[in-house]
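The values are calculated or read from the model by the stated rules, or taken from the named source; none is laboratory data. From a predicted model like this one, the values you see are computed outputs, not experimental measurements. All Cβ positions, glycine included, derive from the backbone under ideal geometry; neighbour counts span all protein chains shown.
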């Protein structure tokens, strides 16, 4: 196990509950319910779980509706071709966290404006869907709750064999449109990247532009999420965490094409289907969004603020509430619209919560997580470079222990 400079690199680490803290981007925070012990526990949990999980590095942040109460960059941004310490503003491939921060948010905006309905038939927005069986009643909401009956994934090797190398977004959509359903809509939950790809394509068709352009204008820039997007600048690429065994860092801002021939993974979307799909004008709805812990912290506060942050309202409160509460029938996995709604530990920290107050969030294959506890207004972001680690690299303990430390640290401290 190798860490950048052999230590964790604190960035904005503060006592939970410390009044008067301010950074260049955030106003001074009022006293928190959290105690100093919560910060101490988190500061110990992160490096310990990185070593135990064989993870090269991570950036972890946590806070409440007011702002960031804890932030820590630890380990290495990359190990190969040469070690580089993990910076606080490292940019990660969010993998499936894309589904909520990106695709679901775009759908929420369009629903807010009345341009898209959750009960709209898919054929209304996807020309490729108009050849489906006449009795198949598939709606937008089925995609967001993963109750469509579509399979989980498409094998990219088969697409390449028939259609050649990507990117080919239209080929992917056409291939999904030809797939038979595995079960009737509404009869069960099967988590599927295909649902998110279709939902993203519908959002782009309705918005008339790419997910990247739409959300950059409507959400990311207004919120100050300047390092979030499907497409990154040359300068941003110098802070990218690798999505494979090799890295890519050379000169500051180096692009893959600027470097000597050889394997390179930084800046490349890890998910094969998203990689095959994405172009400059079409963004994969299942994966491919890049971001930082700081940006995701602001997004978490927007959702906990029911669509409002720092006096800026981007979504109606009732829309946010609708999307982040259970929308699946009893007896099925608890899903909101796009959001995972958690009803068991460690992601749901307290028992006997009403359905509308359950914790929500999403996990990503590359080692990412966004977690929001609607009942306490607490949030946590874990960005770990699992796919740049060893074959047994795991983020399970890190995710669990961060949530536990945040929830217990807050509940153990007296109210201010």
(Q) When you check residue 357 against the structure, is it surrounded by fewer than 21 Cβ atoms within 10 Å (Cβ to Cβ), in the same structural domain as residue 53 (by TED's automatic domain parsing) and touching a residue at least 12 places away in the same chain (Cβ under 8 Å), yes or no? (A) yes
Q: Specify which of the listed residues (85, 81, 121) is modelled with pLDDT under 95 and more than 13 Å from residue 385 (Cα to Cα).
A: 81
Q: Please give the number of the condition residue 71 fails out of (1) under 28 Å from residue 315 (Cα atoms); (2) surrounded by fewer than 24 Cβ atoms within 10 Å (Cβ to Cβ); (3) at pLDDT 95 or above.
A: (3)
(Q) Among (1) at pLDDT below 95; (2) over 30 Å from residue 176 (Cα atoms); (3) part of a loop (DSSP other than H, G, I, E, B), there is one condition residue 315 misses while meeting the rest; what is its number? (A) (1)
Q: Provide a single number: the residues in the stretch 145-163 that are in contact (Cβ under 8 Å) with a residue 40 or more places away in the chain, surrounded by 14 or more Cβ atoms within 10 Å (Cβ to Cβ) and either in contact with a helix residue (DSSP H, G or I) (Cβ under 7 Å, 6 or more places away or on another chain) or not in a loop (DSSP other than H, G, I, E, B) (or both).
A: 9
